[in-house]
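Engineer: Before anything else, here's the structure in question.
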Amino acid sequence: MSEIFREWTEVRQTFQKIWGYDDLRPSQRTVVTSLLRKQDCLAIMATGGGKSICFQLPAVINEGLTLVISPLLALMEDQVRDCKSRNLPAACLHSNLSQIERREVLRNLPNTSLLYVSPETLLSEPVWEKLSDRQLKISGLMLDEAHCLVQWGDSFRPSYRRLGAVRSALIAQKPDHHPPIALAAFTATADRDTTAELQACLNLENPQIVRTSPYCPQLSLQVAIAWTPAGRKSRALKFIRDRKGQSGLIYVRSRRDAEMLATWLQENSFKTAAYHAGLPPQERRHIEQQWLTNQYPFVICTSAFGLGINKPDTRWVLHFHPPLTLSEYIQEIGRAGRDGKPAEALMLVSEPTGLLDDSDRQRVNFFLQQQQKIQQQALALLPKLPKQGNFAEVAKLHPDAAIALGLLHRAGHLTWKTPFIYEIHSLHNQQQKLKQQMGDQSKIAQMQAYSCVKGNRWAFLLDNFGFEEESKLLLKSRS
């Protein structure tokens, strides 16, 4: 049978055998077909749209190892656990594994179909050395939750900016005639700018772009003004009590906020917990399970919770604080109503003037100040960076080098020759252009505009994410 493409009947039979469904959705079928043909793909599929199957199925059918680059340890572990429950040869590598466990995973790579890693782990020396083995066949590179590249790649996770050079570097390490490596990016949310940046940063070659609408007619969107901090708590308390027995999620913006709100709700006799990235892995797993099995009717969480977790009967999402961007908002409200039954999303916002409560404004300003501090440190470093260099050597000399190089890459002033060797170019007016780029707050402005929408909120979201015709039809149907 051809290695390039299998007859769809066999693909469908494999899908039925492993996942138990009759057939893939049209969007899933398009992505799977592209990856079996080793064609690059950018899949922008609504939360709950079955993105993971789109790369797991080709990984099982294709010969060789598929690398899945994932942002969160919890997400990796959940997906590997699900794969193993289906008898799929999957593994993950992360910092919480023991040395013995890491060595065992690396030793068994030739017998593994799916390896889940973070960008940082992928580019670590021992892992890269194993992946570069001339005998190891790699069939695919899949970037899961690809919006994280755009959201975090400039400061929090600069390793994301180096991923575009991974494919060519791996092929260069292999013998001649290494088969093509399919490269795909998956996300639930990507506007035009994000789509363009993903294609450019990852060096996607003539990708098949699959886009499904995020519109969920069963999900009611509401925004309410919280006039004071006490009023915000009171409104939240009433919302939760009115939905007793229903499964939900409460989103806040920081670890501290999660802990404080959880303590307050526990004092009000609610069985719940705070979930954030600062908790030990075992505690995060415990909280997830308590929520999934309805021991906790709801969890207070940061954006670290929910990626890859599927609880179809989630009836509500409460944003105790508004997220910074529409992308975050779409991701988080997408946890509710996946079973197709009515669900609600309520976002609480400070009153517009900020005179009675400017906490939302303070939260945004704090985030911007932190970003600017990081970026200014990186800007100050630029004159000290060699025009050509080895990432590891430069990073040893300058702790902020990763962020500085990431900013240069985003601005088009840097090329990664490999994931480890860079070249800086186009130095003219470099700092001024970077300052202008760093000052772009359009994403935050979009979120603030959404909170003031008086008409159809879904129409506003659809228009912002490139579904203009659907937005117009929705407005027309409601008029």
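Engineer: State whether one or more residues within segment 172-179 are open to solvent by less than 30 Å² (accessible area, probe 1.4 Å) and at pLDDT 90 or above.
Structural biologist: For segment 172-179, residues open to solvent by less than 30 Å² (accessible area, probe 1.4 Å) and at pLDDT 90 or above: absent.
Engineer: If I filter segment 61-73 for residues that are among the aliphatic types (A, V, I, L, M) and over 15 Å from Thr121 (Cβ atoms), do I get at least one hit?
Structural biologist: yes
Engineer: If I go through segment 208-248 residue by residue, how many of them are surrounded by 18 or more Cβ atoms within 10 Å (Cβ to Cβ), at pLDDT 95 or above and part of a loop (DSSP other than H, G, I, E, B)?
Structural biologist: 0
Engineer: Hey, Ile53 hits all of (1) over 21 Å from the mean Cα position of the chain (by Cα); (2) over 16 Å from Arg211 (Cβ atoms); (3) modelled with pLDDT of 90 or more but one; which does it fall short on?
Structural biologist: (1)
Engineer: Then there's this: Check every one of the helices (runs of 4 or more DSSP H) wholly within segment 1-83 and list those with 1 or more residues that are open to solvent by less than 30 Å² (accessible area, probe 1.4 Å), among the β-branched types (Val, Ile, Thr) and closer than 28 Å to Val150 by Cβ.
Structural biologist: 26-36, 51-61
Engineer: Go through segment 383-401 and give me each residue that's open to solvent by 60 Å² or more (accessible area, probe 1.4 Å) and part of a helix (DSSP H, G or I).
Structural biologist: If the condition is that a residue be open to solvent by 60 Å² or more (accessible area, probe 1.4 Å) and part of a helix (DSSP H, G or I), then Pro383, Lys384, Glu393, Lys396, Leu397 are the ones that fit.
Engineer: Quick check on Phe270: is it closer than 28 Å to Gln448 by Cα and either open to solvent by less than 50 Å² (accessible area, probe 1.4 Å) or in a strand (DSSP E or B) (or both)?
Structural biologist: no
Engineer: In contact with a His (Cβ under 9 Å, 6 or more places away or on another chain) and either in contact (Cβ under 8 Å) with a residue 60 or more places away in the chain or assigned to a helix (DSSP H, G or I) (or both): is that true of Ala404 in this structure?
Structural biologist: Yes, satisfied.
Engineer: Also: Please state which one of Gly354, Gly337 is on the phi > 0 side of the Ramachandran plot and within 25 Å of the chain's Cα centre (by Cα).
Structural biologist: Gly337
Engineer: Can you name the residue in segment 341-360 that is of a type in the set (Gly, Ala, Ser) and closer than 12 Å to Arg315 by Cβ and, of all such residues, is surrounded by the most Cβ atoms within 10 Å (Cβ to Cβ)?
Structural biologist: Checking each candidate, the answer is Ala345.
One line per residue, one yes/no per condition, for (1) basic (Lys, Arg); (2) more than 17 Å from Ala336 (Cα to Cα); (3) free of Cβ contacts under 8 Å to residues at least 60 places away in the same chain:
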{"site": "Glu259", "(1), (2), (3)": "no, yes, yes"}
{"site": "Trp264", "(1), (2), (3)": "no, yes, yes"}
{"site": "Ser269", "(1), (2), (3)": "no, yes, yes"}
{"site": "Gly278", "(1), (2), (3)": "no, yes, yes"}
{"site": "Arg285", "(1), (2), (3)": "yes, yes, no"}
{"site": "Thr302", "(1), (2), (3)": "no, no, yes"}
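Engineer: Applying the selection to segment 323-382, what residues are assigned to a loop (DSSP other than H, G, I, E, B) and within 30 Å of Gly49 (Cβ to Cβ)?
Structural biologist: The answer is Pro323, Leu324, Thr325, Gly334, Arg335, Ala336, Gly337, Arg338, Asp339, Gly340, Lys341, Pro342.
Engineer: How about segment 110-168: which of its residues are open to solvent by 10 Å² or more (accessible area, probe 1.4 Å), more than 21 Å from Lys84 (Cβ to Cβ), not in a helix (DSSP H, G or I) and not small (Gly, Ala, Ser)?
Structural biologist: Within segment 110-168, Leu123, Asp133, Arg134, Gln135, Leu136, Lys137, Asp154, Phe156, Arg157 qualify.
Engineer: Which of the residues spanning segment 415-455 are under 30 Å from Pro214 (Cα atoms), open to solvent by 30 Å² or more (accessible area, probe 1.4 Å), at pLDDT 80 or above and not in a helix (DSSP H, G or I)?
Structural biologist: Hits for segment 415-455 are Cys452, Lys454, Gly455.
Engineer: Is it fair to say Glu288 is over 30 Å from Leu356 (Cα atoms), assigned to a helix (DSSP H, G or I) and either open to solvent by 30 Å² or more (accessible area, probe 1.4 Å) or modelled with pLDDT under 95 (or both)?
Structural biologist: When the stated conditions are applied, Glu288 passes them.
The values are calculated or read from the model by the stated rules, or taken from the named source; none is laboratory data. None of the values given here were measured: they were computed from a predicted structure. In this analysis, Cβ positions are derived from the backbone assuming ideal geometry, glycine residues included, and neighbour counts consider all displayed protein chains. For accessibility, only protein heavy atoms count, side chains too; no ligands or nucleic acids. Shrake-Rupley method; radii C 1.70, N 1.55, O 1.52, S 1.80 Å.
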